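Engineer: Below is one structure. I have some questions about it.
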Amino acid sequence: MADTPMWEQIGTGFVQHYYQQFDTDRVKLADLYTDTSCLTWEGVGFQGKNAIMGKLTSLPFQTIQHSITAQDHHPTPDSCVMTMVMGQLKADQDQVMGFQQVFLLKNIDNKWVCTNDMFRLSLHNFGA
Amino acid sequence: MGDKPIWEQIGSSFVQHYYQLFDTDRTQLGSIYIDASCLTWEGQQFQGKAAIVEKLSSLPFTKIAHSITAQDHQPTPDSCILSMVVGQLKADEDQVLGFQKTFLLKHYSNVRVRANKVFRLAPHIL
């Protein structure tokens, strides 16, 4: 792991932790957000930890599983880490669907938190 | 347009401008990168305007058309704009493919440049 750039270590560690929490007990995701964090979930915006957690804990499925296909991490000019994830997910007995998610991670008081989070399912208007 | 947050206005017009340039003459994309810009293209990294423009100019197709399915924009704590784009593209006579792209936009002396860009094609879901 010594040769992996720092931002890749941070990004990869975050992604692993995030989806593990999401899939087992998403209430615990609260630790990763702050009062100024923004989430855009399927085009709808949520501002601040409380609103974000309200959305995530009210998603209408019992079981959820994410599988990561690819992830990319960049350092940003302001010393944040930008992370893009592509993968697939399965909620309850629904069909498997593709998704993409982007995170912006910032080090605040020695802890890496998520200041920006955007999620979309991979749905397109085929044909036309 | 009066009610749209500034970051959405900037992000949307950037996305429109970017793909218009990309689809007509991508050698002109140089003006939106700087020497500190990073591009990750299908998992491969390129650092700095010259390397990025070279990669984009050397992509092996004659014509390309992008179609944007959805785009999201957020302001970041450091006054940048984070944009996520989901869409489809068609290169030459190849089949239509899905893609996703993320941009981080930063304001430098009155010119908005793209500091970071990550691009991935969406894999087939069997």
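Engineer: When the stretch A:34-65 is examined, which residues are found to be in a strand (DSSP E or B) and aliphatic (A, V, I, L, M)?
Structural biologist: A:39, A:44, A:64
Engineer: If I ask for residues that are in a loop (DSSP other than H, G, I, E, B) and more than 14 Å from chain A (Cβ to nearest Cβ), which ones from the stretch B:69-98 would you list?
Structural biologist: Passing the criteria: B:92, B:93, B:94.
Engineer: Quick one: residue B:66 ticks every box in (1) within 14 Å of chain A (Cβ to nearest Cβ); (2) closer than 18 Å to residue A:74 by Cβ; (3) not β-branched (Val, Ile, Thr) bar one, so which box is it?
Structural biologist: (2)
Engineer: Considering A:55, A:49, which residue is closer than 27 Å to residue B:106 by Cβ and free of Cβ contacts under 8 Å to residues at least 60 places away in the same chain?
Structural biologist: Going through A:55, A:49 in turn, just one is closer than 27 Å to residue B:106 by Cβ and free of Cβ contacts under 8 Å to residues at least 60 places away in the same chain: A:49.
Engineer: Another one. Given the residues A:46, A:61, which is the only one that is touching a helix residue (DSSP H, G or I) at 6+ places or on another chain (Cβ under 6 Å) and over 24 Å from residue B:97 (Cβ atoms)?
Structural biologist: A:46
Engineer: In the stretch A:44-65, which residue that is β-branched (Val, Ile, Thr) and surrounded by 13 or more Cβ atoms within 10 Å (Cβ to Cβ) is farthest from the other protein chains (Cβ to nearest Cβ)?
Structural biologist: Per the stated criteria, the residue is A:64.
Engineer: Would you point out which residue out of B:61, B:14 is buried (at least 16 other Cβ atoms within 10 Å of the Cβ), away from every other protein chain (no Cβ under 14 Å) and outside any strand (DSSP E or B)?
Structural biologist: B:14
Engineer: Also: I'd like the residue in the stretch A:2-33 that is outside any helix (DSSP H, G or I), out of contact with any helix residue (DSSP H, G or I) (no Cβ under 6 Å at 6 or more places or on another chain) and not aliphatic (A, V, I, L, M) and, out of all such residues, is surrounded by the fewest Cβ atoms within 10 Å (Cβ to Cβ).
Structural biologist: A:3
Engineer: Tell me, yes or no, whether the stretch A:114-123 has at least one residue that is surrounded by fewer than 16 Cβ atoms within 10 Å (Cβ to Cβ), at pLDDT below 95, in a strand (DSSP E or B) and at the interface with another protein chain (Cβ under 10 Å from one of its Cβ atoms).
Structural biologist: Within the stretch A:114-123, one or more residues are surrounded by fewer than 16 Cβ atoms within 10 Å (Cβ to Cβ), at pLDDT below 95, in a strand (DSSP E or B) and at the interface with another protein chain (Cβ under 10 Å from one of its Cβ atoms).
Engineer: Taking residue A:105 as the residue in question, decide whether it is within 14 Å of chain B (Cβ to nearest Cβ), out of contact with any Asp or Glu (no Cβ under 9 Å at 6 or more places or on another chain) and surrounded by 17 or more Cβ atoms within 10 Å (Cβ to Cβ).
Structural biologist: Here the answer is yes, as residue A:105 does meet what is asked.
Engineer: Here's a follow-up. Against the definition (out of contact with any helix residue (DSSP H, G or I) (no Cβ under 7 Å at 6 or more places or on another chain) and buried (at least 16 other Cβ atoms within 10 Å of the Cβ)), how does residue A:41 come out, yes or no?
Structural biologist: It is false that residue A:41 is out of contact with any helix residue (DSSP H, G or I) (no Cβ under 7 Å at 6 or more places or on another chain) and buried (at least 16 other Cβ atoms within 10 Å of the Cβ).
Engineer: Does the stretch B:45-55 contain any residue that is in contact with a Lys or Arg (Cβ under 6 Å, 6 or more places away or on another chain) and at negative phi?
Structural biologist: Checked the stretch B:45-55: at least one residue is in contact with a Lys or Arg (Cβ under 6 Å, 6 or more places away or on another chain) and at negative phi.
Engineer: Hey, another quick one. So which of B:106, B:101 ends up being under 16 Å from the mean Cα position of the chain (by Cα), farther than 18 Å from residue A:45 by Cβ, more than 7 Å from chain A (Cβ to nearest Cβ) and crowded, with 20+ Cβ neighbours inside 10 Å?
Structural biologist: Checking each option against the conditions leaves just B:101.
Engineer: State which residue is modelled with the lowest pLDDT when the search covers only the stretch B:22-31 and only residues that are under 14 Å from residue B:63 (Cβ atoms) and surrounded by 13 or more Cβ atoms within 10 Å (Cβ to Cβ).
Structural biologist: Checking each candidate, the answer is B:26.
Engineer: Something else about it: Please determine, by comparing only the residues of the stretch A:66-102 that are out of contact with any Lys or Arg (no Cβ under 7 Å at 6 or more places or on another chain) and outside any strand (DSSP E or B), which one is nearest to the other protein chains (Cβ to nearest Cβ).
Structural biologist: In this case the residue turns out to be A:78.
Engineer: Okay, next question. I'd like the full set of residues that are among the small types (Gly, Ala, Ser) and over 21 Å from residue B:74 (Cβ atoms), limited to the stretch A:66-104.
Structural biologist: Scanning the stretch A:66-104 gives A:67, A:70, A:91, A:98.
The values are calculated or read from the model by the stated rules, or taken from the named source; none is laboratory data. Since the structure is predicted, the reported quantities are computational estimates derived from the model, not experimental observations. Note that each Cβ is placed from the backbone with ideal geometry, even for glycine, and that neighbours are counted across all protein chains shown.
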